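Asks: Got a structure for you, written out below as structure tokens; questions coming shortly.
The values are calculated or read from the model by the stated rules, or taken from the named source; none is laboratory data. Nothing here was measured: the structure is a model prediction, and the numbers come from that model. All Cβ positions, even for glycine, are placed from backbone atoms using ideal geometry, and neighbour counts span all protein chains on display.
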């Protein structure tokens, strides 16, 4: 839930809110106040009884816990619609996720730019990862290619993969994989709609 807290606190800062109680935060987030206190106490005491939480301080501290108080270099593999959408979403940079490169195997788009970032060919990938200290790779390619490319980027030293390919990746334990299966999210919504009485 920490990313959600971070997002809500950012919205509070934009609204000029300086402090908030766990009760007020729970009403906004639809989480119990005791759950919020328990979550935040796992990382240290950020609040004061009778005062609540200093919004700016809590925002900064959660940012440190999430590791977004520093930049993370990343590349996007796949310059199709999803890859383009990710590159064009500027909020990533505000959170410290810096897109350094885009890779695709289509020679027709080699050298074109998306939001000022050049599309490169896959044969440049390994050297680019090493030369630019890439930590995170987003895979927005078909599942057959994703399995092969995931191994290549893991061998090149990537620490984490944001996997949009509709497949599970078999990688060493030291490579973190975050699977984002869009159709599964829609099926969860469908299930909830079907079972809401």
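Asks: Give all pairs with beta carbons closer than 9 Å in which a residue from the stretch 92-120 that is free of Cβ contacts under 8 Å to residues at least 12 places away in the same chain meets a residue that is surrounded by fewer than 15 Cβ atoms within 10 Å (Cβ to Cβ) and assigned to a loop (DSSP other than H, G, I, E, B); count only pairs at least 6 apart in sequence or on separate chains.
Replies: The qualifying pairs are 93/71.
Asks: Among the residues of the stretch 9-23, which ones are surrounded by fewer than 16 Cβ atoms within 10 Å (Cβ to Cβ) and at pLDDT 90 or above?
Replies: 11, 13, 14, 15, 16, 17, 18
Asks: Can you say whether residue 53 is assigned by TED's automatic domain parsing to the domain that holds residue 10 and at pLDDT below 95, as far as the supplied structure shows?
Replies: Working: assigned by TED's automatic domain parsing to the domain that holds residue 10: yes; at pLDDT below 95: yes.
Taking the combined requirement at face value, the residue satisfies it.
Asks: Give the stretch 81-105 a look and list any residue that's modelled with pLDDT of 95 or more and out of contact with any strand residue (DSSP E or B) (no Cβ under 8 Å at 6 or more places or on another chain), or say none.
Replies: Those that are modelled with pLDDT of 95 or more and out of contact with any strand residue (DSSP E or B) (no Cβ under 8 Å at 6 or more places or on another chain): 81, 82, 85.
Asks: Oh, and also: Going by the conditions given, is residue 62 touching a helix residue (DSSP H, G or I) at 6+ places or on another chain (Cβ under 9 Å), over 25 Å from residue 138 (Cβ atoms) and touching a residue at least 12 places away in the same chain (Cβ under 8 Å)? Spell out the reasoning first.
Replies: Numbers: touching a helix residue (DSSP H, G or I) at 6+ places or on another chain (Cβ under 9 Å): yes; over 25 Å from residue 138 (Cβ atoms): no; touching a residue at least 12 places away in the same chain (Cβ under 8 Å): yes.
Here the answer is no, as residue 62 does not meet what is asked.
Asks: Output the residues belonging to the stretch 99-119 that are within 22 Å of the chain's Cα centre (by Cα) and surrounded by 15 or more Cβ atoms within 10 Å (Cβ to Cβ).
Replies: Answer for the stretch 99-119, where residues must be within 22 Å of the chain's Cα centre (by Cα) and surrounded by 15 or more Cβ atoms within 10 Å (Cβ to Cβ): 99, 100, 101, 102, 103, 104, 114, 117, 119.
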